[in-house]
Amino acid sequence: MSQINHTSLVTLHYRLGLTDDSILEDTFDDEPMTVQLGDGEMAKGLELSLLGLEPDDVQTVDIGPELAFGYSDETLLRALPRSEFDPDIQLEEGLIIEFSNADGNTLPGTILGFDDQQVQIDLNHPLAGQTVRYSVKILEVVNVEENRELN
């Protein structure tokens, strides 16, 4: 049976929540997710916690900010002119909007407050500074090294 290593292709169900048992994402009643470990698709702490697991293994792990979504960085708090926002967007505190950076990548920004002149946003990940809880069920593990040996 294949064990998960640092470069495995893993198909799994996962549930992401907080330590107060609130659930933010859940694939257990939906399609599973397939990820290539080492590609940065998942929180580093989650990838590390998967190492050594095999198909049918189930695990729940709490991951602190240092290995999940990082700590809140005050340099990512911004005030932008209200005119830069689509006038049809109904702004409200806590609303998460996608922003594009200079590289063309998108990142979430949370509205902290606004008036007619400017909008205060937080460009930290919405889960920055929080301990998150992942529950996983491993469905399939494909290891490139094993496939090369078979061919």
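The values are calculated or read from the model by the stated rules, or taken from the named source; none is laboratory data. The structure displayed is predicted, hence computed values, not measured ones. Positions of Cβ are backbone-derived with ideal geometry, glycine not excepted, and every protein chain shown enters the neighbour counts.
Taking region 91-115 as the search range and keeping residues that are out of contact with any Ser or Thr (no Cβ under 8 Å at 6 or more places or on another chain), at pLDDT 90 or above and loosely packed, with under 10 Cβ neighbours inside 10 Å, which one is nearest to Ser72 (Cα to Cα)?
Ranking the qualifying residues of region 91-115, first place goes to Glu92.
Within region 26-39, is there a residue that is in a strand (DSSP E or B) and touching a helix residue (DSSP H, G or I) at 6+ places or on another chain (Cβ under 7 Å)?
From region 26-39, those in a strand (DSSP E or B) are 26, 33-36; that's our starting set.
Next, only the ones that are touching a helix residue (DSSP H, G or I) at 6+ places or on another chain (Cβ under 7 Å) stay: none.
No, the conditions are met nowhere in region 26-39.
Considering only residues of region 116-127 that are among the hydrophobic types (A, V, I, L, M, F, W, C) and closer than 14 Å to Arg78 by Cα, which is surrounded by the most Cβ atoms within 10 Å (Cβ to Cβ)?
Going residue by residue through region 116-127, those that are among the hydrophobic types (A, V, I, L, M, F, W, C) are 119, 121, 123, 127.
Imposing the further condition that a residue be closer than 14 Å to Arg78 by Cα reduces the set to 119, 121, 123.
On the way: Val119: 21, Ile121: 24, Leu123: 16.
Residue satisfying both the conditions and the ranking: Ile121.
Can you tell me how many residues in region 85-106 are more than 17 Å from the chain's Cα centre (by Cα) and in a loop (DSSP other than H, G, I, E, B)? Walk me through how you get there before you give the answer.
Taking region 85-106 first, the residues more than 17 Å from the chain's Cα centre (by Cα) are 85-95, 100-104.
Next, only the ones that are in a loop (DSSP other than H, G, I, E, B) stay: 85-95, 101-104.
Number satisfying all stated conditions: 15.
For region 40-64, give me the residue count where each residue is out of contact with any Asp or Glu (no Cβ under 7 Å at 6 or more places or on another chain) and in a loop (DSSP other than H, G, I, E, B).
Residues of region 40-64 that are out of contact with any Asp or Glu (no Cβ under 7 Å at 6 or more places or on another chain), as a first pass: 40-54, 56-64.
Still in the running and in a loop (DSSP other than H, G, I, E, B): 40-43, 51-54, 56-57, 64.
The qualifying residues number 11.
Please work out if Arg133 is outside any loop (DSSP other than H, G, I, E, B) and under 15 Å from the mean Cα position of the chain (by Cα). Don't jump to the end; show me each part of the working.
Values: outside any loop (DSSP other than H, G, I, E, B): yes; under 15 Å from the mean Cα position of the chain (by Cα): yes.
Criteria met by Arg133.
Only one of (1) under 11 Å from Tyr134 (Cβ atoms); (2) outside any strand (DSSP E or B) is not met by Leu16, so which one is it?
For Leu16, the exception is condition (2).
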